[in-house]
Amino acid sequence: MTSTEKEAFLPSSAEVELAKVSFVKLDKVLSERKSSDQVSCTLVINNGVEIDITPSAAQALLEVVNVISHGKAVVVNSIDKVMETQEAADFLNISRPFLCKLLDSGEIPHHMVGRFRRVKYEDLLAYKSRRITKQNQAMDELAAQAQELNMGY
């Protein structure tokens, strides 16, 4: 996850309030754009300059505005397509030894570069998605059991 140390953008209270309004508007526009299959977005700056951005950049902007609207600091970083084991473990918020067990068991694909393991970002996202799906299924089962047992949940 090659990244240089970047400074966090800490929003002022005025920026938080503006971000709340901006988030609602931007979210609405992007939702409409998704349903109409439009492929680009245009930002118009105060001086009238128009800037075309990709849908993925617009979605990233939406996420940044959402974080700012909650008064939180924002750091923008890029992620390499292939990560070392420690970077991958940090991304998944697990220990490196646990990640290595997942790699050895084949649950997450990897390849070797010399004697070092490398993991594709896409494979980490797929694992994370599977993990979230399993967690949601377990929560649904627990909720159903609680309902059957009249536990009041």
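The values are calculated or read from the model by the stated rules, or taken from the named source; none is laboratory data. Because the structure is a prediction, the values reported are computed rather than measured. So basically every Cβ, Gly included, is an ideal-geometry build from the backbone, and we count neighbours across all protein chains shown.
Details
- Restricted to segment 64-93, and to residues there that are free of Cβ contacts under 8 Å to residues at least 24 places away in the same chain and in contact with a helix residue (DSSP H, G or I) (Cβ under 8 Å, 6 or more places away or on another chain), the residue that is surrounded by the fewest Cβ atoms within 10 Å (Cβ to Cβ) is 86.
- Residue 43 vs. criteria surrounded by 10 or more Cβ atoms within 10 Å (Cβ to Cβ) and either modelled with pLDDT under 90 or in the same structural domain as residue 120 (by TED's automatic domain parsing) (or both): yes
- Residue 59 being more than 16 Å from the chain's Cα centre (by Cα), of a type in the set (S, T, N, Q), surrounded by 11 or more Cβ atoms within 10 Å (Cβ to Cβ) and part of a helix (DSSP H, G or I): no
For (1) in a helix (DSSP H, G or I); (2) at pLDDT 95 or above, each residue gets a yes or a no:
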position	(1), (2)
87	yes, no
94	no, yes
97	yes, yes
100	yes, yes
103	yes, yes
109	no, yes
117	no, yes
122	yes, no
130	yes, yes
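- Contact map, segment 95-119: first residue among the aromatic types (Phe, Trp, Tyr), second residue not in a helix (DSSP H, G or I), Cβ cut-off under 8 Å, separation 6 or more or different chains; pairs are 116/84.
- Filtering segment 110-130 to residues that are under 21 Å from the mean Cα position of the chain (by Cα) and loosely packed, with under 14 Cβ neighbours inside 10 Å leaves 122, 125, 126, 129, 130.
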